[in-house]
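Just below is one structure, and these are the notes that go with it.
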Amino acid sequence: MNELNTFHQFFFGIYPYICLAVFFLGSLFRFDREQYTWKSDSSELLYRGQLRVGSVLFHVGVLAVFGGHLFGLLTPLWFWDAIGVSHGAKQVFAMTMGGIFGLTALVGLIILINRRFKVDRISINSTWRDKLVLIWLLLTLLLGLSTIFVSMGHLDGHEMVKLMQWAQHIVTFRGGAAGYIEDANILFKLHIFMGMTFFFIFPFTRMVHVWSGFASAFYLIRPWQLVRRRNGTR
């Protein structure tokens, strides 16, 4: 029993910080040392079939799911209480939207996996890391969707509150975070573990191009480019 508790304390109290450290420092190191590998390695030139529909479905779904996790888990409980949203209502909303966008991402991901593994030209030009990240995302999505069925068994929002307290204790560097989810369903724990480990492997895969996607927003507020005349030419 003590060994199980030690493992739980490590994976849900210490391991998150290891993953976040590798996520940030690894991404920074790769950008500094391997900028030529900082790209999405699009397979469009190899085979266009199903790329657009798969990519659009996956990106819309996964961005919505990620944003929902971020906002839902890290918004303080007092905020929901202040605006009159009960824990049960928030859980039902999270289950509904998570199910819709989770399935959207899953369909898109299955299409992309099929292209990556079944189209010879793409498969041959893919690295094991390209395939690993797709499988990892698939398992993480499936586990996340499976937790909806667990949540349907208790719609009071109590389980969700425990997950919120765990996440908020982690990001604010408060001790005792692991204790909040010690008795959580194993599916939640596996989903959390897969999600955290995704951040761990993130810097070593093509997923680093996500940083560039976020950075592109700064183009909207950058200064105008000035073009000056020189000897009558531009």
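Data table
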| read-out | value |
| --- | --- |
| Lysine pairs within the range 3-221, Cα separation less than 20 Å, 8 or more sequence positions apart or different chains | 4 |
| Taking all pairs of distinct alpha-carbon atoms in the range 3-221, Kirkwood radius in angstrom | 18.9 Å |
| Accessible-area composition of the range 3-221, carbon plus sulfur, in percent [1.4 Å probe] | 71 percent |
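The values are calculated or read from the model by the stated rules, or taken from the named source; none is laboratory data. Please read all numbers here as calculations on a predicted model, not as lab measurements. Heavy atoms of the whole protein, side chains included, go into the accessibility calculation; ligands, DNA and RNA do not. Shrake-Rupley method; radii C 1.70, N 1.55, O 1.52, S 1.80 Å.
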